[in-house]
Structures are given as C-alpha cells and as structure tokens.
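The structure under discussion appears below in the form of structure tokens.
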Amino acid sequence: MKPLLDVRDVRKTYGTLMALDGVSFSVMPGELFGLLGPNGAGKTTLLSILSCLGLPTSGEVLVNGERVSSGNLDVRRLIGIVPQDLAIYEQLTARENLTFFGELFGLGGISLRTRAGELLAAVGLEARADDRAVTFSGGMKRRLNLAIALVHDPRLLLLDEPTVGVDPQSRNLIFEEVRRLNAGGLTVVYTSHYMEEVQALCTRIGIIDKGKLQACDTLPGLLQKLQGLVRCRLGGMSPALRARLAEIPGCTLRDTEDGDLELHGSDVKGMLIRLIALLNEANVELIHLETEEPNLERVFLHLTGRALRD
C-alpha cells in the first residue's frame, strides 16, 4: 500500500531562518496521524505547505502520488483544511457557508443540498442551519468550520488546533466526529495543544521542534523512549535491603539530592509490587511514595525540552 501523504526531505527557509530542516514522514490511507510541536517549531509552515498554500525551498510533498502545489487543482480537491483561524463567512447562514464552499469545488444542485444537510447534522448544527454564523458561539463556529472542510468529500483532512478555545461540549463533538470520519476511512493529520487528544486519537505521532522531526512512531514506540519511575522515602536503608532492591528485574536505583530513592524501569507496577514486598520483609517504613508512568507529555518534554504552549 502506498502512502496517501508523503513528505520527502522538506526544507523551508526565510532568509537565514531555517523553518523546516529536512522533514520526512508518510501517512498511510485511513491513518490518523498526530503532529505535535511547541510554538515556533515549524508546524504552521509545514501545514501551509501540505495545504498547497506555500512551496518548500527544497524537497517535495505528494498526496496520492501527485506533487502538492498551488496550481495542482486535482490535489487540492483531495484535501480538506480546518485552519486554526476560522475560515467562515459570518454574515452567511451555516447552510449558505456550506453551499458557497461546495460550489467552489464544483458541487451544486440536490447533491450539494443533501451533503450540506448531512454535514450540519453530523456537527450538531441542524437546528441552526439557517441562522447567520455571526450569532454562533465559538464552539459552533469551529464545528461549522469542520463541516466546510468536509463538504467536497476530501480524502485527506488537515486539522490545525480544531478544538482551541471551544466549550467542552463542542470539543467532545469535534473529537468524536473525527473518530467517526477516520473509522469511515478518512485520512487525518491532527495537530493539537491537547496532548490527551493526540494520545487518545492518533495511531502514530510526529514530534517536530526547531524545524526537525525529532521523533515519529506509534504511541507505544514513543513511550519506550522513557522509563517509568517509582520515587520513595524510606524509614531506613540497610546494605542488604539496597542489594535486594537492586536485584529487581529491569530496575535501576538512583539516590536523589533530598534523600529519596528512585527506581527506574519499564514496568512501574512490577517495580512497585516488588518494592512493597521487600520493605515488608525488612520491616522498613515507607514514608512517601509516588509513581510516574511514561506518557506523551513526558516524551514530548524529553525530546524538545519545552512545554507545548511556550
């Protein structure tokens, strides 16, 4: 099977600034691919290129085997875009917005009216179909923006922060609609500031920083880059107990500056069970305990050294 989206050694410079530095990845048909990166990492530049709104300085992007460019209308028809900044006409009704954008793609007649009705129902705006978008809440406008991106039935959907600033109900509706669309075979590239969304939705995740793709893997593959942690404070530590703790399979012991003991390893639950059993055998008091499982946020910070929102 060939990739639907193929990004090949893409570089983009603005004068002396290297916004993208040799980014390469592929997205298979039907995949839900997540893209994370702190502000200034190069995500917006990359999405502009994927959206046919800009050209790389070098390298190429292919969609369904065709080179992406502003003049390639066949490729542009394959792509639906939900930009971070709303792209709707607020003085038009929800239905009129869908009709307008559908006509730009050559749609019309009964088929367009039917498509618009289906999409308005899917994003929960059927009851407000003939109200002007200016009267909508921020979440409703986001949902309309999603419907607009889908009106021409694209094969690739690009979502740039689709739930930023929306109410919880709209966020959940968008979240579940993306799941439904992907389950129906739509290929999705999803960028978000909400790591729990990306972690829950995406089958593979790319992490971009300083113009480079720092990692690209499945969630389990990314989590393997970090070990879990059990941190504890004990009422005493004998050489014999320390030796027994060091024998826990797959475990590395470390002492912290404040006198705590850390157990590092891939199996947090297993380390914790063995730790408690050995402390009970040695009759040693456990004063404080905390655990950290590997998660996407820890992997992100490990790779970039920066919080997603900075």
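The values are calculated or read from the model by the stated rules, or taken from the named source; none is laboratory data. Because the structure is a prediction, the values reported are computed rather than measured. Ideal geometry is used to build each Cβ from the backbone, glycine not excepted, and the neighbour counts take in all protein chains shown.
Quick one: in the range 71-88, of everything that is under 22 Å from Ser111 (Cα atoms) and not hydrophobic (A, V, I, L, M, F, W, C), which residue is surrounded by the most Cβ atoms within 10 Å (Cβ to Cβ)?
The qualifying residue surrounded by the most Cβ atoms within 10 Å (Cβ to Cβ) is Gly80.
Need pairs with beta-carbon distance below 6 Å; first residue exposed (fewer than 15 other Cβ atoms within 10 Å of the Cβ) and within the range 58-70, second of a type in the set (Lys, Arg); sequence gap 6+ or separate chains.
Correct list of pairs: Ser58/Arg11.
Identify all residues within the range 29-63 that are of a type in the set (A, V, I, L, M, F, W, C) and more than 22 Å from Ala200 (Cα to Cα); write none if there are none.
Within the range 29-63, Ala41, Leu46, Ile49, Leu50, Cys52, Leu53, Leu55, Val61, Leu62, Val63 meet the criteria.
If you check Ala129, Ala133, Ala116, Ala147, which single one turns out to be touching a Ser or Thr at 6+ places or on another chain (Cβ under 8 Å), among the small types (Gly, Ala, Ser) and within 20 Å of Arg77 (Cα to Cα)?
Ala116
Can you report the number of residues in the range 141-174 which are assigned to a loop (DSSP other than H, G, I, E, B) and touching a Lys or Arg at 6+ places or on another chain (Cβ under 7 Å)?
5
Of the residues in the range 76-97, how many are closer than 22 Å to Val189 by Cα and either over 28 Å from the mean Cα position of the chain (by Cα) or in a helix (DSSP H, G or I) (or both)?
1
Suppose we keep only residues that are among the small types (Gly, Ala, Ser) and under 20 Å from His302 (Cα atoms) within the range 219-270. Which one would you say is surrounded by the most Cβ atoms within 10 Å (Cβ to Cβ)?
Gly228
Please specify each residue of the range 157-191 satisfying the condition of being surrounded by fewer than 16 Cβ atoms within 10 Å (Cβ to Cβ) and either of a type in the set (Gly, Ala, Ser) or over 15 Å from Arg204 (Cα atoms) (or both).
Scanning the range 157-191 gives Val164, Gly165, Asp167, Pro168, Gln169, Asn172, Glu176, Arg180, Ala183, Gly184, Gly185.
Residues in the range 194-209 that are closer than 26 Å to Lys12 by Cα and surrounded by fewer than 16 Cβ atoms within 10 Å (Cβ to Cβ): how many?
0
Yes or no: Val284 modelled with pLDDT of 90 or more, touching a His at 6+ places or on another chain (Cβ under 9 Å) and surrounded by 14 or more Cβ atoms within 10 Å (Cβ to Cβ)?
The answer is no for Val284.
Scan the range 221-255 for residues that are in a loop (DSSP other than H, G, I, E, B) and more than 38 Å from the chain's Cα centre (by Cα) and jot them down.
Passing the criteria: Gly235, Gly236, Met237, Ser238, Glu247.
Please verify whether the range 128-140 includes one or more residues that are in contact (Cβ under 8 Å) with a residue 40 or more places away in the chain and in a helix (DSSP H, G or I).
Among the residues of the range 128-140, at least one is in contact (Cβ under 8 Å) with a residue 40 or more places away in the chain and in a helix (DSSP H, G or I), which makes the answer yes.
Regarding the range 57-75, can at least one residue be identified that is farther than 23 Å from Val23 by Cβ, more than 22 Å from the chain's Cα centre (by Cα) and among the acidic types (Asp, Glu)?
There is at least one residue in the range 57-75 that is farther than 23 Å from Val23 by Cβ, more than 22 Å from the chain's Cα centre (by Cα) and among the acidic types (Asp, Glu).
What residue, among those in the range 6-34 that are buried (at least 21 other Cβ atoms within 10 Å of the Cβ) and farther than 14 Å from Lys210 by Cα, is farthest from the chain's Cα centre (by Cα)?
Taking the candidates together, the pick is Val7.
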